[in-house]
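Student: This is the structure, below, for whatever I ask next.
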Amino acid sequence: MTARLVSVINMKGGVGKSTTTIGLAETLAVHHKARVLVIDLDPQTNASIMLAGPDKWNELHENERTLDFYFEAYALQEKPKPFKSLVEAKVSDLKGKPDIALVASAPEFRTIERDLIETFVKRQFHIDAIQKWICERFAQGFRTVLKDFDYILVDCPPGISLFAEAALIAADAIVVPSIPDYVSRLGLITFRRRALRMINEKRGGQSLLMVLATKYEEDMALHRSEAALLKENLGSAMFDVRIPQIQDIARAAEWSDTQRTFDQKYGAGAPIIRALGDEFLAKMALAPAL
């Protein structure tokens, strides 16, 4: 069995994208004994710090085991380290060290796309050729680790960069965390009509779309009505689970030097995050493998 690749993305920041990625990774590893790899494509490095902690992240960066060094080598027309060498096993501050691994990002990663474009434009590449090249490099890297994991979760940056597009093209499924408000719903509609259609055309098949209501407040009429509209418009693509705006889930994103159980880490949010993993697996069972 090879890993199923899932890209987590939203056009907006601040929707709980990294928190969703890490919560999903940890509940899959703890409650379903899955082997999970998280790839952090976001230069904000939130997922990297959440999973590895600041000390381990600094160690990875100092040893040039972050994505910026990997792609910078291509920009400099040098041979990069093997993608597999970027993988840091047994991250997470949970007790028992569940089978979660990380490919970390770094702030410098935000400049790599620009440097790559500049390098290839000088070599008279068109933008489509550059995108194809990035997709091929991702595919080469993914192939070296596919048999080591059950799920690869890619935490994408906000918007659609060339790197995020490559991750979406490669994805078996796309998870879109979204705050249930009017502006977010319009952004999601735009994403489905334009970006997702373009991605599926380049992919040559349909990725399974899953939309998750995050930072949900049941006592807000706006959230209730917008979540209902999303369910009405998206049907089975919409998670029944809604991630509430509660302190325990927000604080779970903070690294702890003292290992803790899943229930200790997520507190009142633990049953919700576990339910997210259960529903995710039920939806993934319907996703075609290409």
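The values are calculated or read from the model by the stated rules, or taken from the named source; none is laboratory data. Since the model is a prediction, treat every value here as computed from it, not as a measurement. Cβ atoms come from the backbone with ideal geometry, glycine included; neighbour counts cover every protein chain shown. Accessible surface areas use protein heavy atoms only, side chains included; no ligands, DNA or RNA. Shrake-Rupley method; radii C 1.70, N 1.55, O 1.52, S 1.80 Å.
Student: When you take every Cα atom in the chain, what is the radius of gyration, and what is Dmax, the widest Cα pair distance, in Å?
Tutor: 18.3, 56
Student: Using 0.36 nm per residue of separation minus the Cα-Cα distance, give me the extension gain between LYS33 and GLU201 in nm, one decimal.
Tutor: 57.1 nm is the gain from fully extending LYS33 to GLU201.
Student: So which trypsin sites (Lys or Arg not before Pro) in segment 67-98 end up in coil per DSSP with only 14 or fewer other C-beta atoms within 10 Å? Could the numbers behind the result be given before it?
Tutor: Numbers: sites: LYS84, LYS90, LYS95; in loops: LYS90, LYS95.
Loop-located and lightly packed - LYS90, LYS95.
Student: When all protein chains stay in place, what accessible area (Å², nearest 10, 1.4 Å probe) is found for MET198?
Tutor: Per-residue accessible area (MET198): approximately 70 Å².
Student: Here's another thing I want to ask about it. How much length, in nm to one decimal, is gained on full extension between ARG224 and ALA253, taken as 0.36 nm per residue of separation minus their Cα-Cα distance?
Tutor: 7.9 nm
Student: Rounded to the nearest 0.05, what FRET efficiency is calculated for THR144 and THR190 with R0 set to 22 Å and r the Cβ-Cβ distance?
Tutor: Using R0 = 22 Å, I get an efficiency of 0.05.
Student: Going toward the positive end of the dipole of segment 111-160, with +1 on Lys and Arg Cβ and -1 on Asp and Glu Cβ, which of THR111, PRO157, PHE125 do you reach last?
Tutor: Positive-most Cα among the choices belongs to PHE125.
Student: Also: What FRET efficiency would be calculated for the residue pair ALA282, ASN58, taking the C-beta separation as r and a Förster radius of 41 Å, to the nearest 0.05? Let's see the in-between values first.
Tutor: Values: r = 39 Å, r/R0 = 0.94.
Calculated value: 0.60.
Student: Does segment 179-290 classify as rounded, prolate or oblate by the C-alpha gyration tensor (a ≥ b ≥ c root eigenvalues; a/c under 1.5 gives rounded; else a/b over b/c gives prolate, otherwise oblate)?
Tutor: Because a/c hits 1.5 or more and a/b fails to exceed b/c, segment 179-290 counts as oblate.
Student: A further question on this structure: Write down the percent of antiparallel bridges among all DSSP beta bridges whose residues are both part of the chain, to the nearest 5. Intermediate results must be reported in sequence, preceding the final value.
Tutor: Working: 1 of 29 bridges.
Antiparallel bridges: around 5 percent, rounded to the nearest 5.
Student: Can you give the translational diffusion coefficient of segment 183-242 in µm²/s, computed by Stokes-Einstein from the Kirkwood radius over Cα pairs at 20 °C and 1.002 mPa s?
Tutor: On the way: Rh = 12.5 Å.
The calculation lands on 171 µm²/s.
Student: Hey, another quick one. Residue by residue through segment 57-64, what is 3J(HN,Hα) from phi via Karplus (6.51 cos²θ - 1.76 cosθ + 1.60, θ = phi - 60°)? Round to whole Hz and write x for glycine and proline.
Tutor: 4, 4, 5, 4, 5, 5, 8, 6
Student: Next question. Any idea how far the Cα center of segment 20-69 sits from the one of segment 72-90, in Å?
Tutor: Cα centroid to Cα centroid, the span is 16 Å.
Student: Would you grab the residues whose amide H sits under 5 Å from the one on ALA106? Only those 5+ places off in sequence or on another chain, please, with H modelled 1.01 Å from N.
Tutor: Result for ALA106 returns LEU67, ASP68.
Student: Once amide H atoms are built 1.01 Å from N in the peptide plane, which residues 5 or more positions from LYS12, or in another chain, come under 5 Å H to H?
Tutor: GLY159
Student: I'd like to know which of ALA195, GLY13, GLY205 lies farthest towards the positive end of the charge dipole of the chain, counting +1 on Cβ of Lys and Arg and -1 on Cβ of Asp and Glu.
Tutor: Result: GLY205.
Student: Also, I was wondering about something else. Which cross-chain or sequence-distant (5 or more) residues have an amide H under 5 Å from the amide H of ILE152, H modelled 1.01 Å from N in plane?
Tutor: The list, which skips near neighbours in sequence, is ARG4, LEU5, VAL6, LEU37.
Student: Under 25 Å Cα-Cα from LYS33, which lysines qualify once same-chain neighbours fewer than 8 residues away are excluded?
Tutor: LYS17, LYS56, LYS84, LYS90, LYS95, LYS97, LYS147, LYS265, LYS283
Student: Once you charge only the Cβ atoms, +1 for Lys and Arg and -1 for Asp and Glu, what is the size of the charge dipole of the chain about its Cα centre, to the nearest 20 debye?
Tutor: About 800 debye.
Student: May I ask you to work out the translational diffusion coefficient for segment 1-153 at 4 °C, viscosity 1.567 mPa s, via Stokes-Einstein with Rh from the Kirkwood sum over Cα pairs, reported in whole µm²/s?
Tutor: Diffusion coefficient, whole number: 80 µm²/s.
Student: Label-point separation (nm) for GLN245 and SER85, each offset 7 Å from Cα along Cα-to-Cβ?
Tutor: 4.6 nm
Student: Could you compute the net charge surrounding ALA166? Neighbours are other residues with a C-beta less than 10 Å from the C-beta of ALA166; K and R count +1, D and E count -1.
Tutor: Result for the local shell: +1.
Student: With point charges of +1 on the Cβ of Lys and Arg and -1 on the Cβ of Asp and Glu, referenced to the Cα centre of the chain, which listed residue (ILE174, GLY269, ALA101) lies farthest in the positive direction of the dipole?
Tutor: Result: ILE174, furthest along the dipole toward the positive end.
Student: List, in order, the whole-Hz ³J(HN,Hα) value for each residue of segment 149-155 obtained from phi through the Karplus relation with A = 6.51, B = -1.76, C = 1.60 and θ = phi - 60°; use x for Gly and Pro.
Tutor: Rounded to whole hertz, the list is 9, 8, 9, 10, 9, 9, 8.
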